[in-house]
Amino acid sequence: MASPGFWDRQEKAQATVQELKSLGAVVKPFDDLIKTGDDLAALVEMGDEDPSLTDELRTELARAEETLAQQELKALLSGQHDRGPALLTINARDGGTDANDWAEMLLRMYILWAEGRDLEVEVLDRQDNEQAGINSVTLAVRGPFAYGYLKGETGMHRLVRISPFNSEGKRQTSFAAIDVSPEIDDTYVIDIQDEDIREDVFRASGAGGQHVNKTSSAIRLTHLPTGIVVQCQNERSQHKNRAAAYKMLRARMARIEEERREAEQAARYKTQAKVGFGSQIRSYFQHPDQRIKDQRTEYGETNFQYVLDGHIQPFLDAYLRWRLDDRKGANN
């Protein structure tokens, strides 16, 4: 990074910086563990002469065990794209205005989670609903292991609550679909033929000023062989929107390729990969009681607002452990 000309090619330089962060996220905790091990050894020797140090020794040992447990979980993030950034898309599904509001609640939850881990978040495309909430949004989440942790969030998220949009105060069930793909750079080869792409240009909707709304700057791409549809309208420039849309399309196709490899691996063990865009993975209840339950891992929490404030790491960790146990069972 200190070499002359390193910053001349910004995109390549940023990729190198991100790689350094990813490697540092693995190496630094192990350096800290080695140092902690040395400190613990010295503390044990001192404790032999001074029993009052026993409580301090237990505290430091518990902290070291927690750090080691987190590193063991990171060792499960060994997929081709797991160390890199992610593109996370939220789409409101069944439930009317409540579903749009629910999609925006999830958007806030994931942003708070990312900020809590010092990850960078960029909104690539957002479509607000006229009444409340959002129809859809696509985020880029950049930082160490963003995709590895978030990819298990793909699927349907269900909310049960008393609807704030129902004057009769009835209970409402609403759904939002999460789709997570790896954000890949230009060095990763994805074969996309020009004749397989249909491009539609249209005027952007929603907030963005007169220029955005009065010029045909928004881009929608449809990949005809797979039916994948992506769009971007956040930028004022049609060129920038097209570039962002192609990046989103390449990311979606990279995820499809990854799922194909996972399915082939699962077939070897005569089992099916338990992931998929259409599957309901988690239920969030605000009525009659507060609880959140993951259908796959059976992990749950009872503090609804705490989880919606971005504290979803236990769910992500539980998914990693569940996938490991699932693979072990398949091997057996």
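The values are calculated or read from the model by the stated rules, or taken from the named source; none is laboratory data. Not measured: the values here are computed from a predicted model. A quick note on method: Cβ atoms are made from the backbone with ideal geometry, for glycine too, and the neighbour counts reach across all protein chains shown.
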How about the stretch 229-241: which of its residues are in a helix (DSSP H, G or I) and surrounded by fewer than 19 Cβ atoms within 10 Å (Cβ to Cβ)? GLN238, HIS239, LYS240
Where GLU56 falls short, out of the listed (1) charged (D, E, K, R); (2) free of Cβ contacts under 8 Å to residues at least 40 places away in the same chain; (3) part of a strand (DSSP E or B): (3)
Of all residues in the stretch 285-318, count the ones that are in contact with a strand residue (DSSP E or B) (Cβ under 7 Å, 6 or more places away or on another chain) and in a loop (DSSP other than H, G, I, E, B). 5
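Can you tell me which residue among ALA266, ALA244 is modelled with pLDDT under 90 and touching a Cys at 6+ places or on another chain (Cβ under 7 Å)?
That would be ALA244, the only listed residue that is modelled with pLDDT under 90 and touching a Cys at 6+ places or on another chain (Cβ under 7 Å).
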Which numbered condition trips up ALA176, out of (1) out of contact with any Phe, Trp or Tyr (no Cβ under 6 Å at 6 or more places or on another chain); (2) modelled with pLDDT of 95 or more; (3) not polar (S, T, N, Q)? (1)
For MET105, state whether it is in the same structural domain as ASN303 (by TED's automatic domain parsing), within 20 Å of the chain's Cα centre (by Cα), closer than 30 Å to ARG260 by Cβ and surrounded by 15 or more Cβ atoms within 10 Å (Cβ to Cβ). no
Test each condition in (1) in a loop (DSSP other than H, G, I, E, B); (2) more than 24 Å from VAL17 (Cβ to Cβ) for ASP118 and report the one that comes out false. (2)
Looking only at the stretch 152-167, filter to residues that are of a type in the set (A, V, I, L, M, F, W, C) and either in a strand (DSSP E or B) or modelled with pLDDT of 90 or more (or both); which one of those is farthest from ASP94 (Cα to Cα)? ILE162
Hey, ILE184 modelled with pLDDT under 85 and of a type in the set (Val, Ile, Thr) or not: yes
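Here's the yes/no breakdown for (1) modelled with pLDDT of 90 or more; (2) within 22 Å of the chain's Cα centre (by Cα); (3) closer than 17 Å to ALA251 by Cβ:
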position: LYS170; (1), (2), (3): no, no, no
position: GLU199; (1), (2), (3): yes, no, no
position: ALA207; (1), (2), (3): no, no, no
position: ARG220; (1), (2), (3): yes, no, yes
Counting only residues that are polar (S, T, N, Q) and assigned to a loop (DSSP other than H, G, I, E, B), which one in the stretch 171-202 is surrounded by the fewest Cβ atoms within 10 Å (Cβ to Cβ)? THR187
Considering the stretch 138-181 alone, what residues qualify as being under 16 Å from ALA103 (Cβ atoms) and polar (S, T, N, Q)? THR138, THR154, SER163, GLN172, THR173, SER174
Across the stretch 72-84, the tally of residues that are aliphatic (A, V, I, L, M) and assigned to a helix (DSSP H, G or I) stands at 1
Number of the condition not met by ILE90 [criteria: (1) in the same structural domain as ARG261 (by TED's automatic domain parsing); (2) surrounded by fewer than 16 Cβ atoms within 10 Å (Cβ to Cβ)]: (2)
Would you be able to tell me the number of residues in the stretch 303-316 that are free of Cβ contacts under 8 Å to residues at least 40 places away in the same chain and either more than 19 Å from ARG108 (Cα to Cα) or hydrophobic (A, V, I, L, M, F, W, C) (or both)? 2
Considering each of ALA69, ALA64, ALA15, ALA41 in turn, give the residue that is in contact (Cβ under 8 Å) with a residue 40 or more places away in the chain and in a helix (DSSP H, G or I). ALA15
Out of the stretch 64-83, which residues are surrounded by 13 or more Cβ atoms within 10 Å (Cβ to Cβ) and of a type in the set (Asp, Glu)? ASP82
